[in-house]
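The values are calculated or read from the model by the stated rules, or taken from the named source; none is laboratory data. Computed from a prediction, not measured in an experiment: that's the story for all the values here. As a convention, Cβ positions derive from the backbone with ideal geometry for all residues, glycine included, and neighbour counts pool all protein chains shown. Quick note on the areas: whole protein, heavy atoms, side chains included, nothing else; ligands and nucleic acids left out. Shrake-Rupley method; radii C 1.70, N 1.55, O 1.52, S 1.80 Å.
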Amino acid sequence: VSRQLKEETRRGFAMLEDPLAGLLAMLESSSDWKRKGQSLEYCIITEMQLWIKAHPAVPQSGTKLKKLQARVLGMLSQCPANLLDPLISIYQLHTADRNYLLEHVSHLYLQGNYKEAAALSIKLKLQPDQDVEKMCTPLLLQDRANLVEDYVAEHPELQRKLLQTLDTWCEPSFNIRDITRPYQGLSGYKPEKFNRRVLSKLVFRLLERFSVDPALCPNVINQRHLRTLNYLFYKRFAEKTMTEENWGDHIQSTVGENRWLQGHLVQLLLRHCSARRAARWARHCRVPPEMLPPAVAEELQKLHIQDRVEEVTKANNYESSKKKDYYQLPIPRENIHFLQTWEETLQCWEKVLQPGQVVGVDQEWKPSFGMVGKPRVALLQIALKDEVFLLDVPRLLEQAEADGEKEKLPHFIQMLYADAAITKLGYGMSGDLSSLAATCSALKGMDKQMQSVVDLLAVDKQKVDGLSPEHSHKKKGLRQPEKGLSLLVQHVLGKPLDKREQLSNWEKRPLREEQILYAASDAYCLLEIYERLCKDPESFGLDLKEILVGKQSKKPRAKKQLNKQEAPSPSGQECQGPRTEPSQPPAPISPQEFSVVCDNMLQGLGRYLRCLGVDVQLLDNEDDHRKAAEIARQEGRIILTSGLPYQTLRSQVGEGRCFSVNCSEKAKEQALQVLKHFNVQVSPSDIFSRCQ
């Protein structure tokens, strides 16, 4: 609004004998103010609001104000949302007779203006004196759930009443047409948006938003548990992707002592198992005998201890026979450490927080199966080359809080992720980080501090199909196609992960042996994938530059440490936007003065440089990449490497002492790149001057 218009408006207010009546007369004689946006009337009304604050004597009282309030109330139902607050303030509607306001809103409601009645009730804070079910039902039929949430937002008692009402509607025997019948012909009614499934989702959203005890909604909770039961039976008997023990844990925790769910469990058991097996599980889940069908009750009486032993042995033999089809940990069982004390965890830190370390990081949490709340991390796995550490997160947090050091674990995790000298491998790390933040609020925003992180989910995004011949053999006995990390492991290492423990109850202690091995494998396989891709990315059809670099900013940036989106490039020194050439090239040197150590994927380059007279030492195929750093430090050599290992090795030697070569080029082009970068001048006498 121009300054001139504001001044004219305020002068006009001052000249009026009754500014409030004058403003109202203007609105009643025009219809422009009814349209959305900033009309001229909107500008005048907002200026009036400011002018009244500067002239406190203007507001009226008594009979005259009541008449003005009555006229304004008649206009509010046609008001755009941005005019409601200013008009309510100018005409002091919050001081009007409450019964009169309620009567007016009731009149709007009876006219079928449900949205306007609710919006005005919220603005005038009338909700405590209204029937929440009556006000919200037509709004839900019109798919205005957001307005319903706003209606109860500041009133805990109304939140509970609304949730109880919605839960009643979700009862299986309730006829939902009983609700819709009084609203036949309702404009905007969306029957497809008004059913038990949609209402159930709304209940869970409200429970989470308002932090209400889920026990208030038993029907919705039972229905969700029943869907969980059906899902668990599908995973176990159709997909066959859950172990018996894992499945049993979830069945017990889902059903508990709930008689209604126990009845459904028995029916599902009879549908998927024999009566004998149904009887075993009925006893396992403590289903009362009187709830069992005659055939199952009869089998229950016949059960003996020996039968149970035979069944478990048979199941174990079956499970062990399946193991050969899946990826197996290459380290001994005694090298997997389950850490529940801070003394053990501090020893783990000393090993993990070493410069040049490469670690695989993963985490597990109890599946929520759609229940309220964000998942909280129950287990944090950290894999090194020779051992894996499984951190019992809830136990460690509990101990640290008891000692008054609740930031202890978050501090360790922050140190790990922020250390540029340690390479962290993960798969789908953004989801892991959000779960860590939900578990420890101190870790919120950690994604902005991360350095030297490689998310192998980027490999999947390249759609890896090109298997090397030794990995392309057909798998037998796998009923479900692999996906996610398991598919990547199958492509790169030859066998998929056994994911049957993925949906375990990771909060239950002690962990079963199968859970421990699964958790360790999930983290350790990242190290093996990393190593295999470094050695031979082309045979898997990968472009490592894409995996490492991610999205690059087009704007040049000042040099800084690598963060998540600035991983090293396989074809150049570093990725930091456009690279500027140094002002002065290095002084020229002869091949005899130039000594390098070549990583094991660059043996062709090493042999070519040796032909030109360069002092070259080659790593053997079985050597670890970190051996290059040891040789470089001891003998003063330059490291030549490519791809992922560059990130690890560059942190272990001085600046400029590690160079990344484009592994997609031939040895000759690679050699020219190296010679140019280090300004090595080759003469005819240098060629074949060293023993080949």
Legend entry - Estimated FRET transfer efficiency (residue 635, residue 347; beta-carbon r; R0 45 Å; 0.05): 0.85
Inset, instruction - Before anything else, pin down the relative contact order of the chain: Cα pairs under 8 Å, at least 6 apart, normalised by residue count, whole percent. - result: 8
Legend entry - Histogram of C-alpha separations across segment 1-147, 5 Å bin width, %: 1, 8, 19, 20, 19, 14, 9, 6, 3, 1, 0
Inset, instruction - Return an integer: the convex hull volume of the alpha-carbon atoms of segment 402-444, in Å³ per residue. - result: 78
Legend entry - Area of residue 411 that stays accessible when all protein chains are in place (1.4 Å probe, Å², to 10): 100
Inset, instruction - Note down the magnitude of the dipole of the chain about its Cα centre, charges +1 on Lys and Arg C-beta and -1 on Asp and Glu C-beta and zero elsewhere, to the nearest 20 debye. - result: 1820
Legend entry - Alpha-carbon Debye profile of segment 220-302, log10 I(q)/I(0) at 0.22, 0.24, 0.27 Å⁻¹: -1.04, -1.22, -1.45
Legend entry - Calculated log₁₀ intensity ratio I(q)/I(0) where the Debye formula runs over C-alpha points of the chain, q = 0.06, 0.07, 0.11 Å⁻¹: -0.59, -0.75, -1.14
Legend entry - HN-Hα J in Hz across segment 187-198 - Karplus 6.51, -1.76, 1.60, θ = phi - 60°, x for Gly and Pro: 5, x, 5, 10, x, 5, 9, 10, 8, 4, 5, 5
Legend entry - Share of pairwise Cα separations in segment 1-78, more than 22 Å, in percent: 24
Inset, instruction - Please compute the Cα-Cα pair-distance distribution of segment 341-458 with 5 Å bins starting at 0, giving whole percents from short to long. - result: 2, 11, 21, 26, 22, 13, 4, 1, 0
Inset, instruction - Compute the normalised compactness of segment 88-233: alpha-carbon radius of gyration over 2.2 N^0.38 Å, N being the residue count. - result: 1.15
Legend entry - Stretch gain in nm, segment residue 54-residue 29, where the contour uses 0.36 nm per residue and the Cα spacing is subtracted: 6.3 nm
Inset, instruction - Compute, for residue 611, the solvent-accessible surface of its heavy atoms (probe 1.4 Å) with the complete set of protein chains present, and express it in square angstrom to the nearest 10. - result: 40
Inset, instruction - Multiply the residue separation of residue 340 and residue 395 by 0.36 nm, subtract the distance between their alpha-carbon atoms, and state the gained length in nm to one decimal. - result: 19.2 nm
Legend entry - Computed FRET value (nearest 0.05) for residue 627 with residue 230, which takes r as the C-beta separation and R₀ as 45 Å: 0.25
Legend entry - Cα-based Rg and Dmax for segment 155-236, where Dmax is the largest Cα-Cα distance (Å): 14.4, 47
Inset, instruction - Relative to the longest principal axis of the C-alpha atoms of the chain, give the angle of the C-alpha long axis of helix 408-418, reported between 0 and 90° and rounded to the nearest 10°. - result: 60
Inset, instruction - As a check on your grasp of the helix formula, calculate [θ] at 222 nm for the chain: sum -39500 (n - 2.57) over DSSP H runs of n ≥ 4, divide by the residue count, round to the nearest 500. - result: -15000 deg cm²/dmol
Legend entry - Distance in nm between pseudo-label sites at residue 64 and residue 133 (7 Å out along the Cβ direction from Cα): 4.8
Legend entry - Cα→Cβ-extended label distance, 7 Å offset, between residue 155 and residue 95, nm: 2.5
Legend entry - Stretch gain in nm, segment residue 325-residue 272, where the contour uses 0.36 nm per residue and the Cα spacing is subtracted: 16.5 nm
Inset, instruction - Assuming R0 = 60 Å, can you tell me the calculated FRET efficiency for the pair residue 655 and residue 215, based on Cβ-Cβ distance, to the nearest 0.05? - result: 0.45
Legend entry - 10 Å Cβ shell holding at most 14 others, DSSP loop, GluC sites (Glu not before Pro): longest site-free stretch of the chain: 408-621
Inset, instruction - Give, rounded to the nearest 20 debye, the magnitude of the charge dipole that segment 54-105 has about its Cα centre when Lys and Arg contribute +1 at Cβ and Asp and Glu contribute -1 at Cβ. - result: 200
Inset, instruction - Per residue, how big is the convex hull around the C-alpha atoms of segment 65-140? Give it to me in cubic angstrom, could you? - result: 82
Legend entry - Taking all pairs of distinct alpha-carbon atoms in segment 609-688, Kirkwood radius in angstrom: 13.5
